[in-house]
Amino acid sequence: MRLIAENLGGERGGDTVFSGIGFALEDGQALVVTGPNGAGKSTLLRVIAGLLPVAEGSVRIEGVVKIEDVVEIEDGGEAFPSIAAACHYLGHQNAMKPALGVAENLRFWRDFNGDGHAGVEEALETVGLGGIGHLPFGYLSTGQRRRAAIAKLLVSHRPLWLLDEPTAGLDKASERRFAQLMGKHCREGGIIVAATHLPLGLDEAKELRMGQ
Amino acid sequence: MLALFLRDIRLNIRAGGGALTGVIFFLAVIATIPFGVGPDLKLLARIGPAILWIGALLSCLLGLDRLFQADREDGSLDLLVLGNDRHMLALTVLTKCLAHWAGSVLPLVVAAPLLGLFMNMEPISIGATALTLLVGTPAITFIGAAGAAVAVALPRGGLLISVLVLPLTIPVLIFGVSASYGATANPDPFLQPFLILAALTLFLAVLGPVSAALALRHGTD
């Protein structure tokens, strides 16, 4: 699968935030988007996801996903009709309900998103939250909430991860663990686009600097 | 879809869900009427169905602003919108409406017969009003969903939603009340307005979620 952006522009409330962005990512590649506050990193991710309209240029996915045991592919047809269907979007908010348990939240997103990948307990173990799945999400600390949101990326399979400040609030150990998770995702043929201020520990990531 | 339905029901029941707020408001409205109107039992019995319907309508509008706003605040709404290719957004909205109805409005319908006693209504009149409420209130939720979707980005959208939605709910109110009266007042028919009420609910079950989905789709920023 390829994610291709050509001369991409985005706007918020009628003002152009960025324009002329272009990149092409193959299976297993990562793109780290950096830049000062207000450079349009979050807007770029939301435009890619399809949550905001494309102001100019285009962004699309091409080809099929290579991971055969996860997604069934018919005769070279595209497995995903749009970027929205192929992506996990991890925004500033964690998209979890404070009144529900952590495991309950994850189970919901697993059922809703489909393409079950890791089990809920397994995903919580992976992000270091094993054994607290029964607690209401509202009881967790900021870093733990972020880790629970990261576990959400693991319970359903999506080839494309769009991450907006994914490590905000994480401690050093969790950052390293998350870097390993992203590395594993890329080795399995996934694509990552991450907007961040902090180094993510991705070895062979391309870099896109915005706002210059 | 079932997962979404169950999640919303759970959220409604648990702390801060507001399932009881509507019922308590309904109770407060209906309990006040006899004091205002006075101890004329015949008059109370006559206006009973209309008052129950108006009370239920206002209570329905009470919780509507949280229908999408809670999901928007914690970022879930983005993911629900992104899931459009797997679950059509209009169906997602319909599921949320049904969960909202079952969690917040169905208790009103259950409470209505009890509150009917406050209004000195006859058993048959109480039964007819509860039945019309059961059939008619989903329509209010479906219209309300469209209003809630339009006002989702406004922090104090609750009143705006009520003002937007109230005129559109008038047909539901008219046919609901006339069917309730039809059960007791002899020359008036019951079945015809009741069927129109059912038709309104089915029609709005399509139109409401589709327009709400459209508003949500273009309201993300």
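Ordering B:Ala19, B:Leu202, B:Asn84 by the projection of their Cα atoms onto the charge dipole of the stretch B:2-219, which places +1 on the Cβ of Lys and Arg and -1 on the Cβ of Asp and Glu, puts B:Asn84 at the extreme positive end.
From least to most packed, judged by other beta carbons within 10 angstrom and beginning with the fewest, B:Thr169, A:Thr126 follow the order A:Thr126, B:Thr169. For A:Leu198 and A:Thr142, a Förster radius of 22 Å and the Cβ-Cβ distance give a FRET efficiency of 0.90, rounded to the nearest 0.05. Along the Cα-to-C-beta direction of A:Arg177, a point sits 7 Å from the Cα; which residues of the stretch A:147-163 have their amide N less than 18 Å from that point? Counting only backbone N, you get A:147-156. When chain A is described by a simple charge dipole with +1 on each Lys and Arg Cβ and -1 on each Asp and Glu Cβ, the residue from A:Val47, A:Ala118, A:Ala149 located farthest towards its positive end is A:Ala149. For the pair B:Met1 and B:Leu195, label points projected 7 Å from Cα toward Cβ lie 2.8 nm apart. Have a look at the DSSP beta bridges in the protein assembly as shown and tell me what percent are antiparallel, nearest 5. Restricted to the protein assembly as shown, the bridges split so that about 45 percent are antiparallel. Divide by every residue of chain A the summed helix terms, -39500 (n - 2.57) for each DSSP H run of at least 4, and state the resulting mean residue ellipticity at 222 nm, rounded to the nearest 500 deg cm²/dmol. Rounded to the nearest 500, it is -8500 deg cm²/dmol. Only the Cβ atoms of Lys and Arg (+1) and of Asp and Glu (-1) were treated as charged; on that basis the dipole of the protein assembly as shown about its Cα centre amounts to roughly 1120 debye.
Packing-based ranking of B:203-215, A:26-38, A:147-159, A:191-203 yields A:147-159, B:203-215, A:191-203, A:26-38, ordered from highest to lowest mean Cβ neighbour count within 10 Å.
Note on chain A: with charges restricted to the Cβ of Lys and Arg (+1) and Asp and Glu (-1), its dipole about the Cα centre is near 860 debye.
Within 10 Å of the Cβ of each residue in A:113-121, the mean number of Cβ atoms contributed by other protein chains is 1.
Between B:Asp40 and B:Phe203, full extension at 0.36 nm per residue minus the direct alpha carbon distance yields a gain of 54.8 nm. What is the helix-to-structure angle for A:142-155, meaning the angle in degrees between its Cα long axis and the longest Cα principal axis of chain A, kept from 0 to 90 and rounded to the nearest 10? That helix lies at roughly 80 degrees to the long axis. Using a cutoff of 8 angstrom between alpha carbon atoms and counting only pairs six or more residues apart, the relative contact order for the stretch A:2-209 works out to 27 percent. By the count of neighbouring beta-carbon atoms within 10 Å, fewest first, B:Phe142, B:Phe25 end up ordered B:Phe25, B:Phe142. For chain B, hydrophobic long helices are taken as DSSP H runs at least 18 Å long by C-alpha position along their axis with mean Kyte-Doolittle hydropathy of 0.5 or more; these are B:19-37, B:41-62, B:106-118, B:123-150, B:158-182, B:191-219. Taking every DSSP helix (H) stretch of at least 4 residues in chain B, weighting each as -39,500 (n - 2.57) and dividing the sum by the residue count yields a mean residue ellipticity at 222 nm of -26500 deg cm²/dmol. For the protein assembly as shown, the ratio of Cα radius of gyration to the globular rule of thumb 2.2 N^0.38 Å stands at 1.15.
Residue by residue along B:79-91, Cβ atoms of other protein chains within 10 Å of the local Cβ number 5 on average. Counting Lys and Arg as +1 and Asp and Glu as -1 over every other residue whose Cβ lies under 11 Å from the Cβ of A:Gly119, the net charge comes to -1. Using θ = phi - 60° in the Karplus curve 6.51 cos²θ - 1.76 cosθ + 1.60, the 3J(HN,Hα) couplings for the stretch A:29-39 round to 9, 10, 10, 9, 9, 10, x, x, 4, x, 6 Hz; x is entered for Gly and Pro.
Note on A:His92 and B:Leu134: with the Förster distance fixed at 56 Å, the Cβ-Cβ geometry gives a FRET efficiency of about 0.85. Helix A:102-113: angle to the longest alpha-carbon principal axis of chain A, degrees 0 to 90, nearest 10? Helix A:102-113 sits at roughly 40 degrees to that axis. Can you give me the angle between helix A:172-187 and the longest principal axis of chain A, using Cα atoms only, in degrees from 0 to 90, rounded to the nearest 10? Tilt relative to chain A: about 60 degrees. Report the Rg/Rh value for chain B, based on alpha-carbon coordinates and the Kirkwood definition of Rh. Checking Rg against Rh, the ratio lands at 1.00.
The gain in end-to-end length when the A:Ile132 to A:Ser19 segment is fully stretched comes to 36.3 nm, 0.36 nm per residue minus the alpha carbon separation. Taking 23 Å as the limit for the C-alpha separation, the pairs A:Lys97/A:Lys184; A:Lys97/B:Lys96; A:Lys152/A:Lys172; A:Lys152/A:Lys206; A:Lys97/A:Lys206; A:Lys41/A:Lys97 exceed it in the case of A:Lys97/A:Lys184; A:Lys152/A:Lys206; A:Lys97/A:Lys206; A:Lys41/A:Lys97. Taking every alpha-carbon pair under 8 Å whose residues sit at least 6 apart, chain B reaches a relative contact order of 27 percent. If a spin label sat at a point 7 angstrom from the Cα of B:Ile24 along the line to its beta carbon, no backbone N atom of the stretch B:116-141 would be nearer than 15 Å. Taking every residue in A:99-106 and counting other chain Cβ atoms within 10 Å of its Cβ, the average works out to 2.
Remark on A:Val33: its backbone amide H falls under 5 Å from those of A:Ala194, A:Ala195, A:Thr196, A:Leu208, a criterion applied only to residues 5 or more positions apart or on other chains, H modelled at 1.01 Å from N.
Laboratory data are not the source of any read-out in this text; all were calculated from the coordinates shown. Fair warning: this is a prediction, and the values are worked out from it, not measured in the lab. Cβ sites come from the backbone with ideal geometry, for glycine too, and all protein chains shown count toward neighbours.
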